[in-house]
Amino acid sequence: MNPLKEKINVDVKAALKSGDILARSVLGMLKAAIANKEIEKRKKEEGLNEAETQEVIRSEVKKRMDAVMAFRSAGDEARAQSEAGEAEILKKYLPPSASDEDIKTAVEKAIAQAGSRSKKDFGKIMGLSVKELAGRADGHRVKTILDNMLE
């Protein structure tokens, strides 16, 4: 079993013992999402590796953040806060996000690899940048920084 999945299991048990209903609920849903991905990838026996597990967590965080935006636009701040709280619990299991400087460095590297600063090569540079950052940065942040750096 990968260390990340073990940590989630330990934290579920701790939430059960402490009576933390929110953490127990969120981590239970996360365990179910991981189990579903294992079934989907036909890896029920060996389980997901750490990178695949992180991808499931990122997906769950993104769902919560999308829900926050939807609830806020509908004027339901209480439910938006609830979803934001769930997202914060999940974010603890992801590596730290890249800083703007890290993103700029990755974009510069991608521009050098692509050999162009032209907006017509945006897709190629964006792809290289996202690959370099390996899930440590939101695509929207990368796009914003890349837009500012291209001619």
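Quick look at the numbers
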item	result
Boolean, Arg136 is touching a Pro at 6+ places or on another chain (Cβ under 7 Å) and part of a loop (DSSP other than H, G, I, E, B)	yes
Criterion (exposed (fewer than 13 other Cβ atoms within 10 Å of the Cβ), acidic (Asp, Glu) and over 19 Å from Gly139 (Cα atoms)) met by exactly one of Glu77, Glu83	Glu77
Positions within segment 86-104 being surrounded by 15 or more Cβ atoms within 10 Å (Cβ to Cβ) and over 25 Å from Pro3 (Cα atoms), in sequence order	Asp102, Ile103, Lys104
Complete set of residues in segment 26-47 that are in contact (Cβ under 8 Å) with a residue 40 or more places away in the chain and part of a helix (DSSP H, G or I)	Val26, Leu27, Leu30
Some residue of segment 48-66 being modelled with pLDDT of 90 or more and not in a helix (DSSP H, G or I)	no
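For (1) under 26 Å from Asn49 (Cα atoms); (2) touching a residue at least 24 places away in the same chain (Cβ under 8 Å); (3) not in a loop (DSSP other than H, G, I, E, B), each residue gets a yes or a no:
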{"position": "Ile89", "(1), (2), (3)": "yes, yes, yes"}
{"position": "Ala98", "(1), (2), (3)": "yes, yes, no"}
{"position": "Ala106", "(1), (2), (3)": "yes, yes, yes"}
{"position": "Ile111", "(1), (2), (3)": "no, yes, yes"}
{"position": "Leu146", "(1), (2), (3)": "no, yes, yes"}
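The values are calculated or read from the model by the stated rules, or taken from the named source; none is laboratory data. Keep in mind that what you see is a predicted model, and the values were worked out from it rather than measured. Note that we place each Cβ from the backbone using ideal geometry, even for glycine, and neighbour counts take in every protein chain shown.
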